[in-house]
Amino acid sequence: MTKIKTTSVRCGPVDFVKPSELIDIHEISPLSLTDRRVFNQLIANAWEEIEDDKEHIICKSALMGAMTGNDRIEQNILKLMGAIVQVKIQKDGEQATQRVHLLGTNVEHDRKDGLLYYRFPDELRELIANSNVWAKISQDVMFAFSSKYSLALYEMVQKRRNLKMQREKFSIPEIRALLGVPKTKLTRFADLNKYALKKAVEEVNALSDMEIRLVPLKRGRQVTDLELWWFEKDIAKAKEAYAELQRHKVGRKTRISGTIETPVLQQAIGN
């Protein structure tokens, strides 16, 4: 029997880079904020050897910081194993869609302070190996978000921050897919704006070193597209965001909503 090579055990959080192919994804199986955080931690933990066909090891305690409410690691791991995402790639010189699982086989110690042994699917490792665009993700910022839409939007901006352009247009179906909004939820733009977009932009602006805007574009009275604008903050504003990260989460919602202007234009909210 071939002995499986493993990485050394890592238990502490680290900032990391994430390939663009794993950011602009369309979820077939919706993922929660905790699912996304756990997946990012598994990537970060394995990063130095992530392209290798090997088993990685992480302390379960390192994943506990991603938990919210009554979440359990087992639940998130099962969600990631069953999750299928669609990724845009180039195949034989043409644009194509690839569908891949996010997590392969794994073994978890039954005790709470044990280890998780895990592997990434071959197709996912190939995507990562062939990527040439990366986003730097701060785990402090990632853990500060209270919405999965905030984390998804933050990653989208981090991927694009070094591009020469500073804006990009998305159709409403595109932005819904990229943020992971379930097809049956928030179907009216007013609800999408109120419960997903507004909060996501507020949190990214308050907690990261980037400043963003989402501008609705109309055809007649209907909002059909959104234009995402992004700017790197000056030193003073970046320090304000850093200071907020150091403060307790209690009262953060009020602090953010009281200081951040509405991100989507008011005239679009009634549509």
Checklist entry - Do you know which of the residues in segment 26-47 that are among the hydrophobic types (A, V, I, L, M, F, W, C) and over 16 Å from A62 (Cβ atoms) is modelled with the lowest pLDDT? => result I28
Item to check | Test: L207 is farther than 27 Å from M81 by Cα, of a type in the set (A, V, I, L, M) and touching a helix residue (DSSP H, G or I) at 6+ places or on another chain (Cβ under 7 Å) | outcome: yes
Item to check | Among the candidates A196, A190, A177, residue that is assigned to a helix (DSSP H, G or I), crowded, with 21+ Cβ neighbours inside 10 Å and in the same structural domain as W230 (by TED's automatic domain parsing) | outcome: A196
Checklist entry - Which of (1) under 18 Å from R213 (Cβ atoms); (2) in the same structural domain as D53 (by TED's automatic domain parsing) does A129 not meet, given it meets every other one? => result (1)
Next on the checklist: Go through segment 161-174 and report how many residues are out of contact with any helix residue (DSSP H, G or I) (no Cβ under 9 Å at 6 or more places or on another chain) and either in a helix (DSSP H, G or I) or of a type in the set (S, T, N, Q) (or both).
Outcome noted: 4
Item to check | Residue that is acidic (D, E) and over 28 Å from N205 (Cα atoms), where the choices are D140, D122 | outcome: D122
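Results for (1) in contact with a strand residue (DSSP E or B) (Cβ under 8 Å, 6 or more places away or on another chain); (2) under 28 Å from V17 (Cβ atoms), shown as yes or no for each residue.
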position: S147; (1), (2): no, yes
position: S150; (1), (2): no, yes
position: R160; (1), (2): yes, yes
position: K198; (1), (2): no, no
position: D209; (1), (2): yes, yes
position: L214; (1), (2): yes, yes
Checklist entry - Applying the selection to segment 217-231, what residues are over 15 Å from M156 (Cβ atoms) and under 28 Å from the mean Cα position of the chain (by Cα)? => result L217, K218, V223, T224, D225
Next on the checklist: Condition check: part of a loop (DSSP other than H, G, I, E, B), in contact (Cβ under 8 Å) with a residue 40 or more places away in the chain, of a type in the set (A, V, I, L, M, F, W, C) and on the phi < 0 side of the Ramachandran plot. Does F120 satisfy that?
Outcome noted: yes
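The values are calculated or read from the model by the stated rules, or taken from the named source; none is laboratory data. Computed from a predicted structure; not experimentally measured. Glycine gets a Cβ as well: all are built from the backbone with ideal geometry, and neighbour counts include every protein chain shown.
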